[in-house]
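Trainee: Here it is, the structure in full.
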Amino acid sequence: MSLDLLLGLQWGDEGKGKIVDAITSDYDIIARFQGGPNAGHTIEFDGHKHVLHTIPSGIFNQGAINIIGNGVVIDPAIFLNEINGLKKFNIDLNSKLFISKRAHIILPTHKIIDATSEASKGKKKIGSTLKGIGPTYMDKTGRNGIRVGDIIDDNWQKKYNSLKEKHLSLISNFNQSVDIDLNKLEAEFFEGIKCLKSFNLIESENYLNKSIKEGKRILAEGAQGSLLDIDFGTYPFVTSSNTTSAGACSGLGVPPNKIKNIRGIFKAYTTRVGSGPFPTELFDSTGEKIREIGHEYGATTGRDRRCGWLDLVALKYTIEINGVTELNIMKSDVLSSIEKLLVCTSYTIDGKIVDFFPYDIISKDITPNYIEFKGWDMDITKMKNEKDLPGELIDYIDYIELFVGVPIKLISVGPDRTQTIYRNK
Ligand code: GDP
Ligand code: IMO
Ligand code: MG
């Protein structure tokens, strides 16, 4: 009678979509609990490559119910596109996808505020995905938001118009114009609303708690990564929701004492898309090599992802604040053929060694202290068993486990569902 969580432990794009899809057959329900279409979760199987933004990554497993929880923000236009993109898979979406009435809706003007706000910040911009995420959560906490449950009553358009007028007045105060066609956005938005209304809009907290009592197996799927958490991330270069494990309770309405396993996903190196501090970032040809081999380009925006070495100071921090019970290492295949690998085990700040993730990593000069590992020059993407993996990779993994004190139970060696090695530890 419990649920499990799956979270990204770095700055997002750790491979959450791949793993949720790979393990969905162990669950009855997959539930997204925060974020919105700023997320891009890639799933590869049987020659298909598919990116999901709002819909949980359990959707390709015919047996599972997928829930978009109350903590998620939904862009109806993007949602409609996602639904259309799934048509070829012949999934009975109406019986497999439920949406919380308490989830908030991203309005066209939220996207314009996002773009205007970013443009006005100049060099200090957050590097937002411009999906309207921040402004929508601002209206949620400011108690002005429109929720999925509102659209059931046709009178909701009054609320829409009044919030839109408020937004337009706010936008005019920025003295910054952005080239976005509101009429076009609104046409797509209202088409999307029709689509959203055709789904099962439910009290998902009620459904989930009932399911827990019935012994159903539930997995909560996180979006973004812990270092983008609004409280614990590299503020202000973060997203606008709690991406950490506590966010699953508020984003689904499930109590903390029902949470059992907390699966933390991390890449064998580090990436970040958008602005903000990144102590182990590489600016040389090794960084470029990792980007190229790992196809490190944003699944949502196509932007180059910044690449760097694995940062164990940051990883230990996110493991701690999430209460991670099991780790999954992703994209270890990308490091094959890199001769020498570095791993950050502490920082030097103002001449002092720091072994925890400090409050200020933005204005301080941070020098990462590294230890060195020998690489492996071998294609591991077809390997199925741990015993076939190169000894150098096992040494790398053993060191990480020892450093953070949590077992690595899964090694991902490629983007496909099947390129996954489960360990018996
Ligand atoms: P998410 O947002 O955490 O779901 O991750 P993304 O989908 O944004 O980015 C992860 C990318 O890495 C996607 O293109 C995946 O197909 C790919 N991927 C996932 N696991 C592996 C792996 O083990 N090896 C390689 N080479 N690619 C992977
Ligand atoms: P998934 O779920 C990587 C980053 C943006 C930007 C910052 C704020 O695919 O791992 P926002 O649009 O939320 O206002 O942007 O957060 N960001 C992500 N980076 N993966 C994501 O999601 C992200 N979602 C937001 O690049 O730096
Ligand atoms: Mg992603």
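The values are calculated or read from the model by the stated rules, or taken from the named source; none is laboratory data. Note that the coordinates shown come from a computational prediction; the quantities given were computed from them, not determined experimentally. Heads up, the Cβs are rebuilt from the backbone with ideal geometry, glycines too, and the neighbour counts pull from every protein chain shown. Side chains included, ligands, DNA and RNA excluded: accessible areas come from the protein's heavy atoms. Shrake-Rupley method; radii C 1.70, N 1.55, O 1.52, S 1.80 Å.
Trainee: For the chain, what does -39500 (n - 2.57) per DSSP helix run (n ≥ 4), summed and divided by total residues, give at 222 nm, in deg cm²/dmol to the nearest 500? Working shown, then result.
Mentor: Working: 12 runs with 130 residues, N = 425.
Roughly -9000 deg cm²/dmol at 222 nm, from the helical runs in the chain.
Trainee: A further question on this structure: Rounded to the nearest Å, what's the spacing between the alpha carbon centres of the stretch 140-154 and the stretch 307-346? Just the number, please.
Mentor: 40 Å
Trainee: Where a Cα-Cα gap under 16 Å defines reach, which aspartates and glutamates qualify for K194, not counting those fewer than 8 residues away within the same chain?
Mentor: D75, E82, D150, D153, D154, E186
Trainee: Please compute the length gained on full extension between N257 and F356, using 0.36 nm multiplied by the number of residues separating them and subtracting their Cα-Cα distance.
Mentor: On the way: separation 99, 0.36 × 99 = 35.64 nm, distance 2.76 nm.
Length gained, N257 through F356: 32.9 nm.
Trainee: Something else: Among DSSP bridges having both ends in the chain, what percentage is antiparallel? Round to the nearest 5. Show your work: numbers first, answer last.
Mentor: Values: 26 of 63 bridges.
Approximately 40 percent, going by the DSSP bridge assignments.
Trainee: For the stretch 199-301, with all protein chains present and a 1.4 Å probe, just round the carbon and sulfur fraction of the accessible area to a whole percent. Working shown, then result.
Mentor: Numbers: 2040 of 4080 Å².
Whole-percent figure for carbon plus sulfur exposure: 50.
Trainee: Let me ask another. Any idea which of T244, N161, Q176 is furthest toward the positive side of the dipole for the chain, if Lys and Arg beta-carbons carry +1 and Asp and Glu beta-carbons -1?
Mentor: N161
Trainee: Taking N as the number of residues in the stretch 157-197, what is its alpha-carbon radius of gyration divided by 2.2 N^0.38 Å? Let's see the in-between values first.
Mentor: Details: Rg = 12.2 Å, N = 41, 2.2 N^0.38 = 9.0 Å.
Cα-based Rg divided by the globular estimate yields 1.35.
Trainee: Find the percent of Cα-Cα distances in the stretch 1-117 that exceed 20 Å, and round it to a whole number.
Mentor: Values: 2805 of 6786 pairs.
It works out to 41 percent of all Cα pairs.
Trainee: Turning to a different aspect of this structure: From the mean inverse distance of alpha carbon pairs (Kirkwood) and the Cα radius of gyration, derive Rg over Rh for the stretch 68-192. Intermediate results must be reported in sequence, preceding the final value.
Mentor: Details: Rg = 15.4 Å, Rh = 15.5 Å.
On the Cα set of the stretch 68-192, Rg over Rh gives 0.99.
Trainee: Accessible area per residue for the stretch 76-184 in Å², computed with a 1.4 Å probe and the full protein assembly in place, what is it? Spell out each step's value before the answer.
Mentor: Numbers: 5790 Å² over 109 residues.
In whole numbers, the stretch 76-184 has 53 Å² accessible per residue.
Trainee: Further question: Compute the acute angle (0 to 90°) between the alpha-carbon long axis of helix 76-86 and the principal axis of greatest extent of the alpha-carbon atoms of the chain; round to the nearest 10°.
Mentor: 60 degrees
Trainee: Ignoring ligands and nucleic acids, what accessible area does Y422 show with a 1.4 Å probe (Å², nearest 10)?
Mentor: 120 Å²
Trainee: In whole angstrom, how long is each semi-axis of the equivalent ellipsoid of the stretch 353-411, when you take the square root of 5 times every eigenvalue of its Cα gyration tensor and sort them from largest down? Present the calculation step by step, with values, prior to reporting the outcome.
Mentor: Details: eigenvalues 189, 39, 22 Å².
Over the Cα atoms of the stretch 353-411, the ellipsoid semi-axes are 31, 14, 11 Å.
Trainee: Also: How much space per residue, in cubic angstrom, does the convex hull of the C-alpha atoms of the chain take up?
Mentor: Values: hull volume 59.8 nm³, N = 425.
Hull volume normalised by residue count: 141 Å³.
Trainee: Another question about this same structure. Using a 10 angstrom Cβ neighbour count of at most 11 plus a DSSP loop assignment to flag exposed GluC sites (Glu not before Pro), which longest range of the chain is free of such sites? Present the calculation step by step, with values, prior to reporting the outcome.
Mentor: Working: sites that count: E214, E339.
The answer is 1-213.
Trainee: Roughly what % antiparallel, to the nearest 5, for the DSSP beta bridges in the stretch 305-425?
Mentor: Beta bridges within the stretch 305-425, antiparallel portion: roughly 75 percent.
Trainee: Oh, and also: Counting pairs of alpha carbon atoms under 8 Å apart in space and at least six apart in sequence, what relative contact order in percent does the chain give? Walk me through the numbers before you get to the answer.
Mentor: On the way: 937 pairs, mean separation 87.1, N = 425.
Relative CO of the chain lands at 20 percent.
Trainee: Mind listing which trypsin sites (Lys or Arg not before Pro) in the stretch 132-229 are in a DSSP loop and have 13 or fewer other Cβ atoms within 10 Å?
Mentor: On the way: sites: K140, R143, R147, K158, K159, K164, K166, K184, K194, K197, K210, K213, K216, R217; in loops: R143, K216, R217.
Taking the stretch 132-229 and a limit of 13 other Cβ atoms within 10 Å, the loop trypsin sites (Lys or Arg not before Pro) found are R143.
Trainee: Moving on. Just report the Cα centroid separation between the stretch 217-294 and the stretch 25-85, whole Å.
Mentor: Each part reduced to its Cα centre gives a spacing of 17 Å.
Trainee: Shape verdict for the stretch 23-84, please, from the Cα gyration tensor: rounded (a/c under 1.5), prolate (a/b greater than b/c) or oblate. Mind showing how you got there, number by number?
Mentor: Working: a/c = 1.95, a/b = 1.21, b/c = 1.61.
Oblate is the answer for the stretch 23-84, as a/c is 1.5 or above yet b/c matches or exceeds a/b.
Trainee: Over 5 Å intervals from 0, what percent of Cα-Cα pairs in the stretch 308-417 sits in each interval?
Mentor: Cα pair-distance distribution for the stretch 308-417, in percent: 2, 11, 20, 21, 18, 14, 8, 4, 2, 0.
Trainee: Indicate the gyration tensor shape class of the stretch 125-263 (rounded, prolate or oblate), computed on the Cα atoms with a ≥ b ≥ c the square roots of the eigenvalues: a/c under 1.5 is rounded; otherwise a/b larger than b/c is prolate and the rest oblate. Intermediate values should be presented prior to the final figure.
Mentor: Values: a/c = 2.49, a/b = 1.36, b/c = 1.83.
Cα axes put the stretch 125-263 in the oblate bin.
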